[in-house]
Amino acid sequence: MTNAKEFALNAHKYQTRKGKITPYSFHLYLVNNILETLTEDPDIIATGWLHDTVEDTDVSMEDIKREFNDEIYSYMSLESEDKSIKDWQTRKELQLEKFREVAEDESLRKVLLVTFSDKLANLMEIYQDYLIIGDLLWDRFNSKDPKKQGWYFKEFYKIFKDNKDLFSKNEEILNNYKVIYKSLFYNK
C-alpha cells in the first residue's frame with residue numbers, strides 16, 4: 001500500500017490555501033495533528049492525509065482504489081464532495097445529509113473524526129485570518145456570505161455533538177470547536 005502522507009503531500013505539492021500563500025501542506029499537517037489526538041486507527045489517519053486529494057487535485061477515486069485498501073477507499077468516497085454540483089448551498093446540504101447518514105452507520109461513523117479534524121482545522125485557519133484581515137477574508141470563498149459559512153460549520157457541530165462518544169480520547173476538543181465557531185460567527 002502507498003504511504004498516504006507522501007501521496008497527499010505530493011498531490012498537493014504546488015498548491016496553496018485558498019486566497020493565501022500558505023502551502024497546502026500546512027492544512028494537511030494541522031488536520032492530522034488534530035486527528036491523531038482522537039484516534040490511532042491507521043486507515044482513519046491515512047484518510048486524514050488524503051481527505052482533499054480527490055476534491056482539490058487531479059487524483060481520482062480510481063487512483064485511491066488502486067493505491068490504497070478498501071477501507072480507505074470507502075472512507076474517501078464519504079469524505080469527497082461532489083464538485084460537479086456547482087451551487088454551493090445544494091452541495092453543502094447534500095454533504096451534511098450524507099454525514100448524518102454516516103453517523104447512523106456503526107461501521108462508517110468513525111470517518112466523522114476525519115471530517116471533524118478537517119472542519120476544526122478550517123475554523124482555526126479562518127479565525128486566524130479573520131484576526132488579520134477581518135471581513136475581507138470572506139471574499140476568498142465560493143459563498144462569500146459569513147452567515148452561510150456559519151450555518152455550515154454549525155450544522156457540522158450538531159452532527160459531531162450527537163456523536164460525542166467518538167471523542168472519548170480528547171473530550172475537550174469538541175468544546176474547542178464550539179469556542180472558535182462562536183468567536184468567528186457570533187455577530188454574523
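Readers should treat all values here as calculations from the given coordinates under stated rules, not as data from a laboratory. Just so you know, these numbers come straight off a predicted model, no measurement behind them. Note that each Cβ is placed from the backbone with ideal geometry, even for glycine, and that neighbours are counted across all protein chains shown.
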Practice task
Give the range 174-188 a look and list any residue that's in contact with a Leu (Cβ under 7 Å, 6 or more places away or on another chain) and among the β-branched types (Val, Ile, Thr), or say none.
Solution key: Ile180
Practice task
Kindly indicate the residue of the range 67-102 that is in a loop (DSSP other than H, G, I, E, B) and surrounded by fewer than 19 Cβ atoms within 10 Å (Cβ to Cβ) and also farthest from the chain's Cα centre (by Cα) among those meeting that condition.
Solution key: Asn69
Fill in the blank from the handout: Per the list (1) basic (Lys, Arg); (2) crowded, with 18+ Cβ neighbours inside 10 Å; (3) under 22 Å from Pro42 (Cα atoms), residue check on Lys169 breaks on (2)
Practice task
Collect the residues in the range 136-147 that are over 26 Å from Ser84 (Cβ atoms) and either basic (Lys, Arg) or surrounded by fewer than 18 Cβ atoms within 10 Å (Cβ to Cβ) (or both), keeping them in residue-number order.
Solution key: Leu136
Exercise for the section: Those residues that are β-branched (Val, Ile, Thr), part of a helix (DSSP H, G or I) and surrounded by fewer than 15 Cβ atoms within 10 Å (Cβ to Cβ), I need them from the range 20-65; list them, please. Expected result: none
Exercise for the section: Please tell me if Gly150 is small (Gly, Ala, Ser), assigned to a helix (DSSP H, G or I) and loosely packed, with under 12 Cβ neighbours inside 10 Å. Expected result: no
Handout entry: Failed item, numbered, when Ser77 is tested on (1) touching a residue at least 24 places away in the same chain (Cβ under 8 Å); (2) farther than 30 Å from Asp129 by Cβ
Key = (1)
